[in-house]
Amino acid sequence: MPMFDDRVQAGKKLADKLIWLKDEEVVVLGVPRGGVVVASEVAKALGAPLDVVMAKKIGAPGEPEYALGAVGEDGEVLFNVKEAEYVGATREYLENKVREKRTEIKEKLEKLRGGAAKPQLKGKVVVIVDDGIATGNTIEAAAISVKKREPKRVVIAVPVAPEDAVERLTEAGLEVVCLETPTPFFAIGEFYADFGQVEDAEVKLILSESLASRTR
């Protein structure tokens, strides 16, 4: 049975768990695309500005959904070396994928932000939100890029994730708030009644509405 009706409900539940940040100077960053819907509810509850943070998964040769690592917004690269060796991913393949993902990230950010500037993160509490975690590679790459912008604190917040991924991120020194860690865990979408695809246009609208509400 699904744990969440949809991303909006999941975001409201997650916001309840983060309400202790209400008095902090917070910036909420959603991981496009589905994570931005969840992040929007968190930002509303905390009265915080909303923006995006990008990271792209690097898939295995012939199996794009099999994650070998991820590339962060500022070009940071995370690899699971053992997994890459296991599936026969060559150095040339990985280097090509890194270049490809860096280009995709740059183009996507420009499209989603529509020319708006990045928010200032220095000295702020930054909450990175996604609609769930599978391996943790993508959100870890996102967190590494955020830390370069000198925030006071970084919190990763998700509705659902496998327990081992949460443990790995915690062991990597990241603070994680996760509502549910079900077992077995096959895919994020199985825990949502409605896990429809989120389009770029919806993300742009959410971001523009958030910005407009902050500038009124």
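Read the figures in this text as sums done on the coordinates, not as results from a lab. The model shown is predicted, which means the values in this text are computed figures rather than measured ones. Here the Cβ positions follow ideal geometry from the backbone for every residue, glycine too, while neighbour counts run over all protein chains shown.
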Output the relative contact order of the stretch 57-110, whole-number percent, from Cα pairs under 8 angstrom with separation of 6+ residues. 33 percent
Using 0.36 nm per residue, how much length does the chain from Gln120 to Lys152 gain when fully extended, once their Cα-Cα distance is taken away? 10.4 nm
Largest fluctuation, Leu174, Leu21, Leu112 only, Gaussian network model of the chain with Cα springs under 10 angstrom, belongs to Leu21
The FRET efficiency for Glu171 and Met3, from their Cβ-Cβ distance with R0 = 30 Å and rounded to 0.05, is 0.75
Contact order relative to length for the chain, counting C-alpha pairs under 8 Å separated by 6 or more residues, stands in percent at 26 percent
Which value, in nm² and rounded to one decimal, describes the direction-averaged projected area of the C-alpha convex hull of the stretch 1-62? 5.8 nm²
Amide H of Gly30 versus every other amide H placed in the peptide plane: which residues, excluding those fewer than 5 positions away on the same chain, fall under 5 Å? Asp51, Val52, Val53, Val129
In bins 5 Å wide, starting from 0, what share of all Cα pairs of the chain does each bin hold, as a percent? 1, 7, 15, 20, 21, 17, 11, 5, 2, 0, 0
Using only helices, what value at 222 nm comes out for the chain when you add -39,500 (n - 2.57) per DSSP H run of length 4 or more and divide by the total residues, to the nearest 500 deg cm²/dmol? -13000 deg cm²/dmol
Using a Gaussian network for the chain with springs between C-alpha atoms less than 10 Å apart, which of these wobbles most: Leu179, Leu205, Leu18? Leu205
Within the chain, percent of DSSP bridges classed antiparallel, to nearest 5: 30 percent
At 7 Å along the Cα-to-beta-carbon direction for both Lys12 and Glu209, put a label point, then send me their distance in nm to one decimal. 1.4 nm
Multiplying the sequence separation of Tyr66 and Val81 by 0.36 nm and subtracting their Cα-Cα distance, what value in nm do you get? 4.0 nm
If R₀ is 22 angstrom, what is the calculated FRET efficiency for the pair Ala187 and Lys22, using the beta carbon separation as r and rounding to 0.05? 0.10
Using only the Cα atoms of the stretch 57-110, what semi-axes does the equivalent ellipsoid have when each is the square root of 5 times a gyration tensor eigenvalue? Give whole Å, largest first. 20, 10, 9
As a test, work out the antiparallel percent of DSSP beta bridges whose residues both lie in the stretch 62-164, rounded to the nearest 5. 40 percent
For a quick check: with amide H placed at 1.01 Å from N, whose amide H comes under 5 Å from Tyr66's, ignoring anything fewer than 5 positions away on the same chain? Ala60
Quick check on my link table: of Lys56/Lys122; Lys122/Lys147; Lys97/Lys118; Lys44/Lys101, which ones sit more than 20 Å apart, alpha carbon to alpha carbon? Lys56/Lys122; Lys97/Lys118; Lys44/Lys101
Considering the chain as a Gaussian network with a 10 Å cut-off on Cα pairs, which listed residue, Tyr66, Tyr192, Tyr86, attains the greatest mean-square fluctuation? Tyr86
